[in-house]
Amino acid sequence: MNAKRLSLLLLCGALALPPTLSFAQSVDPALATIDALDSGLLDAMKAGKAVDTEGRYRKLLPVVERTFDLPTMTRFAVGGAWAGYSLTEQAALIKAFTRLSASNLARNFDSYGGEQFKINPAVQTRGPDKLVHTQIVPTKGAAMELNYRMRQSGGTWKVIDVYYGAVSQLTAQRSDFAAAAIASGAANLVQKMNARSDTLLKR
């Protein structure tokens with residue numbers, strides 16, 4: 001995995017636990033969601049070059065769909081234009097955003113060099129949300145902070161934003177997509193997302 005590329009991802013502790021630890025008995029159920037995500041990412045990384053980016057995408061797509069609150073994330077990324085779109089247009093945007101999210105992970109988590117995912121069990125509560133702090137720890141060099149803002153959806157805790165250090169992925173996406181949504185409409189924004197996914201999957 002290239003740490004520099006990882007910091008550009010678009011589908012962020014003091015006392016840390018390995019992702020293989022079961023959180024079934026944990027006080028906070030949000031940890032189980034991130035534990036399962038980390039396991040899925042490690043699986044894709046260990047597959048590495050044995051499968052192409054498209055193959056890693058197929059492995060990660062169900063992980064993305066289980067882990068992330070994709071309708072909420074898409075709505076925020078699109079911005080104010082969202083309310084003016086039909087249900088069909090909104091569904092197309094969610095589908096394209098989901099594909100882009102999984103494509104980004106497939107492209108960036110492409111090899112394994114002994115990295116470990118460590119989860120801080122001290123979950124922070126902020127109103128209706130929870131913040132789970134994790135690190136990606138390489139065999140050499142500094143760890144990378146990867147933190148998740150989560151919210152309950154359908155009875156489970158799902159990710160609504162990812163922070164690379166202090167940088168919000170969703171805010172960066174909103175600055176990119178919201179203007180395009182206003183200027184060109186839903187169909188063109190879907191095309192833009194899918195074109196970006198196509199580029200990621202061909203690399």
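Across region 63-134, Cα-Cα pairs farther apart than 19 Å form 54% of the total. With the charge dipole of the chain set up from +1 on Lys and Arg Cβ and -1 on Asp and Glu Cβ about the Cα centre, the Cα lying farthest toward the positive end among the listed residues GLY165, LEU100, LEU41 is that of LEU100.
Around the Cα centre of region 52-170, unit charges on the Cβ atoms of Lys, Arg, Asp and Glu (plus for the first two, minus for the last two) sum to a dipole of about 180 debye.
Full extension of the chain between ALA187 and ALA122 yields a length gain of 19.2 nm, computed as 0.36 nm times the residue separation minus the alpha carbon distance.
Report the gain in length on full extension from SER39 to GLU54: 0.36 nm times residue separation, minus Cα-Cα distance, nm rounded to one decimal.
On the way: separation 15, 0.36 × 15 = 5.40 nm, distance 1.89 nm.
Extending this stretch completely gives an extra 3.5 nm.
List, in the order given, every pair from LYS59/LYS202; LYS49/LYS158; LYS59/LYS192; LYS118/LYS202; LYS95/LYS192; LYS130/LYS158 whose Cα-Cα distance in the structure shown is over 20 Å. Table pairs above 20 Å Cα-Cα are LYS49/LYS158; LYS59/LYS192; LYS118/LYS202.
Calculate the FRET efficiency for ASN194 and SER111 from the Cβ-Cβ distance with a Förster distance of 35 Å, rounded to the nearest 0.05. All intermediate terms of the calculation are to be shown ahead of the outcome.
Details: r = 26 Å, r/R0 = 0.73.
Calculated value: 0.85.
Helical content alone sets the calculated 222 nm signal of the chain at -17000 deg cm²/dmol, taking -39,500 (n - 2.57) per DSSP H segment of four or more residues and averaging over every residue. Residues within the reach of a label modelled at ARG151 (point 7 angstrom out along Cα to beta-carbon, backbone nitrogen below 14 Å), restricted to region 169-203, are 170-171.
Relative to the Cα centre, the charge distribution of the chain, modelled as +1 at Lys and Arg Cβ and -1 at Asp and Glu Cβ, gives a dipole magnitude of about 360 debye.
Given the convex hull over the Cα atoms of the chain, what projected area results after averaging over all orientations, in nm²?
Details: hull surface 45.2 nm².
Averaged projected area of the chain's Cα convex hull equals 11.3 nm².
All of the numbers you see were taken from the coordinates with simple rules; none came from a lab. For clarity, every value in this text was computed on a predicted model and none was experimentally measured. Heads up, the Cβs are rebuilt from the backbone with ideal geometry, glycines too, and the neighbour counts pull from every protein chain shown.
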